[in-house]
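Here the structure is laid out as structure tokens; the discussion comes afterwards.
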Amino acid sequence: MNSPFNPPTTTLIEAIKTVVGDGGWKAPNDAARYFSDPRDRFTGAACLVALPRTTAQVSEILRLCSGAGAAVIPYGGGTGVVAGQLSIDSDQAVILSLERMNKVRSIAPEDGVMIAEAGCILEDIHNTAQQHGMMFPLGMASQGSCTIGGNLATNAGGIQVVRHGNARDLCLGIEAVLANGDVIEDLEPLRKDNTGYNLRHLLIGSEGTLGIITAATLIVKPVDPETVTALCAINTPADALRLYHRLARSLGNSISGLELMSDFGIGLVSGHFPNLTLPFANRTPWYLLVEASGRTGLRDDVEQALAGCMEDDLLTDAVLAESEGQRANLWALRENTPEANRLTGAICSSDTSVAISKVEAFIDAASAAVKQVHPDLRINSYGHIGDGNIHHNVFPPEGMEKPAFIAANPGVIDAVRNAISEATVQCGGSISAEHGIGRLKTDDLQHYASAAKMEAMRAIKRALDPKGILNPGAVLK
């Protein structure tokens, strides 16, 4: 591979090995998992994988790499889908994995906070909070392997954004290492702090291009006494929005999850996971998974609200989970959708967002745009309708395998991606909702963002990373 970076010298590599010690590094031939892409579109590379255990070690590694002008690629759980964690153009980068920095440093229920290191698996954070009668309300299908550092670096969304917000909204403090090795220590659990520029918000969502997050102060909340989960059968996405607004008026801010699924998408899940089936006798074109959490007695309110919605023809049927097992089964229909898409052979998996009021128009526009690329392409539209983040997964025509279709239609993947992006922008939306820009969408960002925004971003990058060593090629080209 040709390298746009300064090739690391033997002296630099040996110095990094000394910092992390025995067992704290991997050679490229022993690091295949750090080079893989969850959607099999890219292959990464590196000259070394460093696995520090402490913030001090991260600081020393960055100080060394800054002095040598060597590139550093931050790595969390490896679940990113826009190649933000991969060096795809060079084998000269140092991958810096935070996986051994996986301790919960403290939890203070009285302050409603937990301080966790960046390498903590999201599910482990959930479990620790639960042990103290609390919850950390950031949830997603990859929570068994994604890390909180990666979640913050991409400002991840997930399934409870409607009530609790994105990762940014669940973080009160940050510890991070800058490109030159300086450490920002800002972990105090303060709800109000207006002492200058908010560096925490700058670093969250920056995908490791401005600094490497090593720990965070996270908001934890008391566990709600009651959680109610319902699957509603509906006819159109517009019905889903009307149903949402009606339920919101009845239930207030207790609605925490709101997921739109198509009958086509449910069929893909059931086809690959036969134990997951719809709990309805009759199928409808669309389904809305609703979850509400709050005070004891909430279930009665949900039942009453859904009954009223059914009387007004906002839904054709509804099933409420009667147990935790039934709740898990309903959510499994949604959470297994990405894997079902992959197994079916998706050639494109989009992540864009529009205003909630434009969701139905966006689904129609994106579907029409994809059909213009190839009339027989199949589309599974689904996602977080409560925040306007709809994913479109596109598949080859029925009966065609993915490799054969791509070979027969060169350029089709980029054409589909561009068609969805155009439909998104025409609806006033964003080309990246919750997965970030990474290396996949740098051209898209350049194309759609204003010149003023791009120059401001470049100026910030130059100020914090003047040598351009932090995740070069991600976000900004």
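The values are calculated or read from the model by the stated rules, or taken from the named source; none is laboratory data. All figures in this text were calculated on a predicted structure; none of them were measured in a lab. Using ideal geometry, Cβ is built from the backbone for each residue, glycine included, and neighbour counts are taken over all protein chains shown.
Being among the β-branched types (Val, Ile, Thr), in contact with a Leu (Cβ under 6 Å, 6 or more places away or on another chain), surrounded by 20 or more Cβ atoms within 10 Å (Cβ to Cβ) and over 29 Å from residue 291 (Cα atoms) narrows it down to one of 49, 58, 94, so name that one. The unique qualifying residue is 94. Considering segment 311-347, the residues that are part of a loop (DSSP other than H, G, I, E, B) and among the charged types (D, E, K, R) include one that is modelled with the highest pLDDT, namely 322. Can you find a residue in segment 394-403 that is touching a residue at least 60 places away in the same chain (Cβ under 8 Å), under 27 Å from residue 156 (Cβ atoms) and buried (at least 21 other Cβ atoms within 10 Å of the Cβ)? No, segment 394-403 contains no residue that is touching a residue at least 60 places away in the same chain (Cβ under 8 Å), under 27 Å from residue 156 (Cβ atoms) and buried (at least 21 other Cβ atoms within 10 Å of the Cβ).
Remark: residue 360 matches the filter, which requires a residue to be acidic (Asp, Glu) and assigned to a helix (DSSP H, G or I).
Inside segment 226-244, residues that are in a helix (DSSP H, G or I) and over 25 Å from the mean Cα position of the chain (by Cα) make up a count of 4. Only one entry of 190, 260 meets the criterion of being hydrophobic (A, V, I, L, M, F, W, C) and surrounded by 15 or more Cβ atoms within 10 Å (Cβ to Cβ), and that entry is 260.
Check segment 62-78 and report whether any residue there is more than 26 Å from residue 140 (Cα to Cα), of a type in the set (S, T, N, Q), more than 19 Å from the chain's Cα centre (by Cα) and at pLDDT 90 or above. Scanning segment 62-78 turns up at least one residue that is more than 26 Å from residue 140 (Cα to Cα), of a type in the set (S, T, N, Q), more than 19 Å from the chain's Cα centre (by Cα) and at pLDDT 90 or above. If I go through segment 179-202 residue by residue, how many of them are over 20 Å from residue 436 (Cβ atoms) and touching a residue at least 40 places away in the same chain (Cβ under 8 Å)? Total meeting the criteria: 6. Just one residue in the set 55, 79 is among the polar types (S, T, N, Q), in contact with a Cys (Cβ under 9 Å, 6 or more places away or on another chain), in contact (Cβ under 8 Å) with a residue 60 or more places away in the chain and within 29 Å of residue 167 (Cα to Cα); that residue is 79. State all residues of segment 311-330 that are surrounded by fewer than 19 Cβ atoms within 10 Å (Cβ to Cβ), touching a strand residue (DSSP E or B) at 6+ places or on another chain (Cβ under 7 Å) and not charged (D, E, K, R); if no residue qualifies, say none. Correct list: 316, 319, 320. Among the conditions (1) touching a strand residue (DSSP E or B) at 6+ places or on another chain (Cβ under 8 Å); (2) free of Cβ contacts under 8 Å to residues at least 60 places away in the same chain, residue 45 misses just one, which is (1). Would you confirm whether any residue within segment 203-224 is aliphatic (A, V, I, L, M), more than 27 Å from residue 438 (Cβ to Cβ) and in contact (Cβ under 8 Å) with a residue 12 or more places away in the chain? For segment 203-224, residues aliphatic (A, V, I, L, M), more than 27 Å from residue 438 (Cβ to Cβ) and in contact (Cβ under 8 Å) with a residue 12 or more places away in the chain: present.
Filtering segment 250-284 to residues that are in contact with a helix residue (DSSP H, G or I) (Cβ under 7 Å, 6 or more places away or on another chain) and under 12 Å from residue 380 (Cβ atoms) leaves 260, 261, 265, 266, 268, 269. If you go through segment 368-400 and keep only what is among the polar types (S, T, N, Q) and under 26 Å from residue 332 (Cβ atoms), you end up with 380, 381, 389, 393. Which condition from (1) crowded, with 20+ Cβ neighbours inside 10 Å; (2) outside any loop (DSSP other than H, G, I, E, B); (3) not small (Gly, Ala, Ser) is the one that residue 301 breaks? Of the numbered conditions (1) crowded, with 20+ Cβ neighbours inside 10 Å; (2) outside any loop (DSSP other than H, G, I, E, B); (3) not small (Gly, Ala, Ser), the odd one out for residue 301 is (1).
The residue list 358, 371 contains one member that is among the basic types (Lys, Arg) and touching a residue at least 60 places away in the same chain (Cβ under 8 Å), which is 358. Just one of the numbered conditions (1) closer than 29 Å to residue 242 by Cβ; (2) within 25 Å of the chain's Cα centre (by Cα); (3) not in a strand (DSSP E or B) is not true of residue 368: (2).
Conditions (1) in contact (Cβ under 8 Å) with a residue 24 or more places away in the chain; (2) buried (at least 22 other Cβ atoms within 10 Å of the Cβ); (3) of a type in the set (A, V, I, L, M, F, W, C), marked per residue:
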site	(1), (2), (3)
111	yes, no, no
114	yes, yes, yes
117	yes, yes, no
123	no, no, no
134	yes, no, yes
141	yes, no, yes
144	no, no, no
151	yes, yes, no
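One residue stands out in segment 24-36 among those that are of a type outside the set (A, V, I, L, M) and touching a residue at least 24 places away in the same chain (Cβ under 8 Å): the one that is farthest from residue 83 (Cα to Cα), namely 24.
Inspection of segment 105-113 finds a residue satisfying the criterion of being within 29 Å of residue 31 (Cα to Cα) and modelled with pLDDT of 95 or more. For segment 45-88, which positions are assigned to a loop (DSSP other than H, G, I, E, B) and among the polar types (S, T, N, Q)? Within segment 45-88, 54, 79, 85, 87 meet the criteria.
Within segment 194-246, being among the β-branched types (Val, Ile, Thr) and surrounded by fewer than 18 Cβ atoms within 10 Å (Cβ to Cβ) holds for 195, 223, 236. The sole residue among 167, 156, 176, 129 that is surrounded by 19 or more Cβ atoms within 10 Å (Cβ to Cβ), hydrophobic (A, V, I, L, M, F, W, C) and within 24 Å of residue 20 (Cβ to Cβ) is 176.
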